[in-house]
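Notes follow once the structure below has been shown.
The values are calculated or read from the model by the stated rules, or taken from the named source; none is laboratory data. Source: prediction; values computed, not measured. No Cβ is skipped: glycine too gets one built from the backbone with ideal geometry, and neighbour counts run over all protein chains shown.
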Amino acid sequence: MKRILTALQPSGILHIGNLFGAIEPMVKLQADENPTSPSGLRGASENLLFIVDYHAITVPQDPAELRHNILFATATYLAVGIDPDKTILFQQSRVNEHTELAWILNCLVHMGELERMTQYKDKARGKGEAVSVGLFDYPVLMAADILLYDTNVVPVGEDQKQHVELARDLAERFNSHFGETFVVPQPQIRKEGARIMGLDDPEKKMSKSASSEKNFISLMDDEASVLKKIKSAVTDSGSTITFDKTRAGLANLLTIYSLVTGKPIDQIVTEYAGKGYGDFKIDLAGIVSTYLAPIQEKINDYLKDETKLLAILDQGAARAKTIAAKKMELVRQKIGVKL
Ligand code: ADP
Ligand code: TRP
């Protein structure tokens, strides 16, 4: 059975870009029922989704905030439809095989390979000698995350492709040094359409690190903020509602409308024939708020019941551990440390 794995950093409240770009595809994967999965999960593929808290600490984190963000991320995934009986949902730091395998891969990776990583170069820029070794080593931990589970497919954004390619190189290198051990994973890069652009600047992707709050709609935004943000979203000087990529602001709003309602863009355009941007924006704000309300309620409910969240994470860690521990036994044997 195909194994599909992805992971997200616990970095506070998510926005609708994260939801439609990263989490929803994992929710959809759960749709096909198949009761014969080896780990007892239901679904046509075996899916793993985890919170990479050890990646998060490659930049400074406030401990209390990090703890909250891990729980918040768990509550969010559950609220938007991740079913812990169909997806192995867990916290990276709870399965210590991740860091153990990262060490072994550290001894195979070359300095030059990590120095070439675009994300590292971006994040280290301007920091001089003060950049942490963890930030440098980040892609090796990510390779361990992937290889530990014999992952076939890794759905990620374009920015993570280079990291998945390193995981492929390390799998091949390990296999050629020590014999067939790891599955060589395939990155699955999301289509351009799954990219939500910033409301204040539709040329750049929606991002929580944008300089203005008006850039993104967070999953926890109330009705008034959603309305304010959508009303002030950058559009062109036209007046009709049509889908045209050169009118990037409007195209982005139509994409959001379509993702939230499930209606094809053509149908939305037909419905708004003869109407202007004002009506369209007010309707969209209403639709987005109505969509977010039950999600927000569920997130808050989960957060009130920490014991339940912890139990779900315990169950996920136990399932992940079963796979990871077996793989590590094989790895130790292959490299000669198992006596
Ligand atoms: P951010 O830029 O807000 O910090 P991250 O880089 O933490 O987001 O991305 C988390 C996940 O969400 C990644 O899988 C990424 O590909 C996806 N993602 C982030 N922004 C968007 C967006 N605007 N549209 C679609 N997917 C996105
Ligand atoms: N580096 C990824 C990101 O920032 C998160 C991540 C860590 C990941 N380990 C992974 C993604 C393994 C896919 C598979 O988005």
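For region 128-147, filtered to residues that are away from ligand 2 (no atom under 12 Å from the Cβ) and modelled with pLDDT of 95 or more, the residue that is farthest from R3 (Cα to Cα) is V133.
Inspect all residues belonging to region 315-329 and state whether any of them is of a type outside the set (K, R), assigned by TED's automatic domain parsing to the domain that holds I104 and over 16 Å from V95 (Cβ atoms). Checked region 315-329: no residue is of a type outside the set (K, R), assigned by TED's automatic domain parsing to the domain that holds I104 and over 16 Å from V95 (Cβ atoms).
Going by the conditions given, is V234 part of a loop (DSSP other than H, G, I, E, B), surrounded by 15 or more Cβ atoms within 10 Å (Cβ to Cβ) and in the same structural domain as D150 (by TED's automatic domain parsing)? Criteria not met by V234.
Quick check, is K228 within 12 Å of ligand 2 (Cβ to nearest atom), free of Cβ contacts under 8 Å to residues at least 40 places away in the same chain, surrounded by fewer than 17 Cβ atoms within 10 Å (Cβ to Cβ) and outside any loop (DSSP other than H, G, I, E, B)? It is false that K228 is within 12 Å of ligand 2 (Cβ to nearest atom), free of Cβ contacts under 8 Å to residues at least 40 places away in the same chain, surrounded by fewer than 17 Cβ atoms within 10 Å (Cβ to Cβ) and outside any loop (DSSP other than H, G, I, E, B).
Selection of region 142-159 for residues being part of a helix (DSSP H, G or I), buried (at least 19 other Cβ atoms within 10 Å of the Cβ) and within 16 Å of ligand 1 (Cβ to nearest atom) yields M142, D145, I146. Select from region 148-182 the residues that are under 27 Å from V337 (Cβ atoms), among the aliphatic types (A, V, I, L, M) and either in contact (Cβ under 8 Å) with a residue 60 or more places away in the chain or within 12 Å of ligand 2 (Cβ to nearest atom) (or both) and list them in ascending order. Selection gives L148, L166, A167, L170. A single entry from I312, I256 fulfils the requirement of being of a type outside the set (G, A, S), surrounded by 16 or more Cβ atoms within 10 Å (Cβ to Cβ) and not assigned by TED's automatic domain parsing to the domain that holds D221: I312. Screening region 171-200 for residues that are within 19 Å of A143 (Cα to Cα) and in a loop (DSSP other than H, G, I, E, B) and picking the one that is farthest from ligand 1 (Cβ to nearest atom) gives G179.
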